[in-house]
Amino acid sequence: MQIFRTKSISDYLADASQTHFKKALSAMDVVFLGVGIIVGTGIFVMPGVAAAQYAGPALMLSFILASVACGFVSLLYSELASTLPVAGSSYAYAYASLGEVMAWLVGWNLVLEYTVGASAVAGGWSAYVTGVLKSAGVMLPEALTKVPADGGIVNLPAVLITLFLMLLLIRGVRESTMVNRVLVVVKLSAIFLFLFLAAPHVDVTNFEPFMPFGWAGVSAGAAVIIFGYLGFDAISTAAEETKKPERDMPIGIIGSLLICTVLYIAVTAVMTGNVPYTQLDNAEPVAFTLRELGYRFGSAVVGTGAIAGLTTVLLNMMYAQTRAFFAMSRDGLIPQSVCALSTRFATPYRVTIAVGFVVAFCSGFTPINVLAEMCSVGTLFAFIVASIGAAVMRRRYPDAHRPFLCPAINVIAVLSVLSCGYIMYNLSSMTWVRFWVWSALGLAIYFLYGYKHSRENTGAKLKVGE
């Protein structure tokens, strides 16, 4: 039963006090962080395929279904992040509530989510950049823009953007935040330009039939596009670097989710109202819609916004990945030397370099479309565990300081588990097979290394610094 040993809130806060991350983020920075990682593929890539293959114009309902599930989770995460403002997100929440082995499974699946997700986004970034350059008359060799499985040698643009963002993250969260703010403003401007140009041309006859695939299609659509909402889980990994986490984290988590939900539904409504859903089965549905309306220049501007959008998603996914690894190494479940902080930049430089090179390799040489849905199943699993953990922590730590209180927490936790479970149920069978295989591999690593080397088992002191 030692596998269910927990780490107390006081121990977590004590570790955080020794780590000395720079407290550089404000509430607005956290909102920008959330919008930066949420708004990307969910608007610029996925809606077209999801509308054409799964839900039709009713994709708007799919986004609402996904946002309701994430809304329940966001209330629980807000309480958890304000109560336990440390790096690690749902991994740390599971450790404090449900025990070490559940925390490891959550962290192990988050590793996959962020690695595969970041690699996929890097590949998408490369495709958009290659397309924009092609429109400008600059042709890059296919051998340097495709992975070997697609007939190329290496996807070089994906590798270069990943390594550049790796260096930016090593420099520090303040520098990364400044770049993120600029890019978020660019992509939001592109989205508003799309709405301004395309909204007046909406033809309601394109909404018929509204649910061509029935409610099953709406549910399947929610399972596919839930990937576009996963960013707010990454927001809570920044709690340890936030100036006033007890106030800033709830504002950032709930605020970014509300903003992104409105944008998702608005863009989907305008997109499917202008072009029959059957014609949207492509990787650039927003730009495609503007071209169909004759706005060639507007389409190019939106394409540029998409590049900015995908850059922020990649940046923040890599950031969240490093903080998840950092939290696991600080607890001894992976080698503690991984969590060493640079004395110059106060960032976990070793794990940042490791993550950067792994993502660069995956995006440069590996076709990762087969694993894409695993991002969703792993994060939904983390959502469910964190939701249960929030209710457990209310009972386990009744006197803990909770600046943000989730209303009717037991009811919200049940609704969160049911809604996330329903969306997971609609994922493909092969996704489930891969999830169980990946989890089994993670358990093997835990019992071979993590169980014995856990600081809760050895009592080892925390080591920080170079």
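The values are calculated or read from the model by the stated rules, or taken from the named source; none is laboratory data. Only a predicted model underlies this, so the values are computations on that prediction, with no experimental measurement involved. Neighbour counts run over all protein chains shown; Cβ positions are idealised from the backbone, glycine included. These area figures cover heavy atoms from the full protein model, side chains too; ligands, DNA and RNA do not enter into them. Shrake-Rupley method; radii C 1.70, N 1.55, O 1.52, S 1.80 Å.
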ask   = Is it the case that region 293-303 has a residue that's at pLDDT below 85, on the phi < 0 side of the Ramachandran plot, touching a Phe, Trp or Tyr at 6+ places or on another chain (Cβ under 7 Å) and not hydroxyl-bearing (Ser, Thr, Tyr)?
value = yes
task = Residue by residue through region 427-455, note down the ones that are outside any helix (DSSP H, G or I) and surrounded by fewer than 20 Cβ atoms within 10 Å (Cβ to Cβ).
result = 427, 428
ask   = Give me the pairs: first residue in region 429-452 and touching a residue at least 40 places away in the same chain (Cβ under 8 Å) and farther than 16 Å from residue 106 by Cβ, second residue assigned to a helix (DSSP H, G or I) and open to solvent by less than 90 Å² (accessible area, probe 1.4 Å), beta-carbon distance under 6 Å, and six or more apart or on different chains, which are they?
value = 431/373; 431/377; 434/374
task = State all residues of region 308-350 that are open to solvent by 30 Å² or more (accessible area, probe 1.4 Å), in a helix (DSSP H, G or I) and at pLDDT 80 or above; if no residue qualifies, say none.
result = 325, 337, 349, 350
message = For region 244-273, which positions are over 18 Å from residue 42 (Cβ atoms), crowded, with 22+ Cβ neighbours inside 10 Å and over 18 Å from the mean Cα position of the chain (by Cα)?
response = 245, 248
query = Going through region 34-90 one residue at a time, which ones are at pLDDT 85 or above and in contact with a Lys or Arg (Cβ under 8 Å, 6 or more places away or on another chain)?
reply = 79, 82, 83
query = What pairs can you find where one residue is in region 379-393 and open to solvent by 20 Å² or more (accessible area, probe 1.4 Å), the other is hydroxyl-bearing (Ser, Thr, Tyr) and assigned to a helix (DSSP H, G or I), and their Cβ atoms are less than 8 Å apart, with a gap of 6+ or different chains?
reply = 384/416; 388/97; 392/97
ask   = Within region 218-229, is there a residue that is more than 30 Å from residue 432 (Cα to Cα) and modelled with pLDDT under 85?
value = no
task = Scan region 394-419 for residues that are assigned to a helix (DSSP H, G or I) and either touching an Asp or Glu at 6+ places or on another chain (Cβ under 7 Å) or open to solvent by less than 90 Å² (accessible area, probe 1.4 Å) (or both) and jot them down.
result = 394, 409, 410, 411, 412, 413, 414, 415, 416, 417, 419
inquiry  = Can you name every one of the helices (runs of 4 or more DSSP H) wholly within region 1-99 that holds 3 or more residues which are without any contact (Cβ under 8 Å) to a residue 40 or more places away in the chain?
reply    = 9-19
